[in-house]
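These notes are about the structure you will find just below.
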Amino acid sequence: MKIGIFDSGVGGLLIAKTIRRAMPKYDYVYLGDTKRVPYGNRSHETVYEFTKEGVDYLFKKENCAIVIIACNTASARALREIQQKYLPNNFPRQGRDEPDRNVLGVLIPTAEECAKYKKVGIIGTTGTILSNTFSVEIKKLNSKIKISQNSAPILVPLAEEGEKLLAKPFLVKYLKPLLAQKPDAIALGCTHYPFFKSEIRKIVGKKVKIISQDEIVPKKLKEYFERHPEITKKLAKNKMARILVTDITKNVEKLTSQWFGRDVRPELVKL
Ligand code: DGL
């Protein structure tokens, strides 16, 4: 069986790449819903519906043992419902310990990291910030923490166009209200934002910790696998990786090779 990674588009490849680098022996299938991206400005119901279809495809057509939802918007808006409704309906528990399949998101590992600080600023898509899920999850772990959030919608298209320089004034605009609160950490709550990490570092200065999912998610997933041998024992170890997308364009091909690697070409699938 494989490890599935789901995202609304190609941004999740930045996380998929570092997950694969951390655990190269496993087989990976990435599914990017490039036909319906972006999810960031869609309703809760639509994000759930689309995410459920993607996750269902990875489990049923690709025989994944576990699916990581790399998309923050989908993690914020759909993960809980997928875990509480979709999984028990489609893969009822066989024993009392663990479900047969599992779905994890990127939001909880990020929240765990944020909870270590006193004051944290978060940027994400409009959907992620409006859902307030980051704040709710972080406060469960650290009720005293001060959290400030800002949506940064323009950054996704700028990352896909490779526009680091053009993004600078927008990064300043989005980060300024967060920096006014003097945070000790800034969390990048969207798949695409690691692309701007060095620009963000220049703006926030050396002392502020940047919480970036391409660094923390592989680490947390590795720890999760160590605690769950019942999952890893089901995983094939052929070092294989495939990238599936729901629409192929020149840009999707370009970003796949830039953000994941030249050795894997995207394949078109229908959900
Ligand atoms: N993958 C999305 C996220 O991490 C960004 C792109 C989108 O809006 O679909 O929130």
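The values are calculated or read from the model by the stated rules, or taken from the named source; none is laboratory data. As the structure is a computational prediction, the values presented were derived from the model and not from experiment. Note that we place each Cβ from the backbone using ideal geometry, even for glycine, and neighbour counts take in every protein chain shown. These area figures cover heavy atoms from the full protein model, side chains too; ligands, DNA and RNA do not enter into them. Shrake-Rupley method; radii C 1.70, N 1.55, O 1.52, S 1.80 Å.
Here is how the numbers come out for the structure above:
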| read-out | value |
| --- | --- |
| Positive-end residue of Val269, Ile147, Tyr117, charge dipole of the chain with Cβ unit charges | Tyr117 |
| Radius, Kirkwood style, for segment 167-224 when every pair of distinct Cα atoms is counted (Å) | 12.1 Å |
| Rg/Rh (Cα only; Kirkwood hydrodynamic radius) as it applies to segment 139-255 | 1.05 |
| Members of Lys61/Lys219; Lys197/Lys222; Lys164/Lys206 lying beyond 21 Å, as alpha-carbon distances in this model show | Lys61/Lys219; Lys197/Lys222 |
| 1.4 Å probe accessible area per residue over segment 101-192, in Å² | 45 Å² |
| For the chain: Kirkwood Rh in Å [reciprocal of mean 1/r, alpha carbons] | 18.7 Å |
| Positive-end extreme of charge dipole, segment 63-192 - chosen from Leu178, Thr126, Cys64 (charges on Cβ) | Leu178 |
| P(r), alpha carbons of segment 40-122 - 5 Å bins starting at zero, rounded % | 3, 14, 23, 22, 17, 11, 6, 3, 1 |
| Mean ellipticity per residue at 222 nm, deg cm²/dmol - from DSSP H runs of n ≥ 4 across the chain, formula -39500 (n - 2.57) | -12500 deg cm²/dmol |
| Test item: Cα-centred dipole of segment 101-226, Lys/Arg +1 and Asp/Glu -1 on Cβ, debye | 680 debye |
| Qualifying trypsin sites (Lys or Arg not before Pro) in segment 239-271, DSSP loop, other Cβ atoms within 10 Å at most 14 | Lys239, Arg262, Lys270 |
| For the chain, size of Cβ-based charge dipole, Lys and Arg +1, Asp and Glu -1, in debye | 900 debye |
| Cα-centred dipole magnitude for segment 1-155, charges only on beta-carbon of K, R (+1) and D, E (-1), debye, nearest 20 | 480 debye |
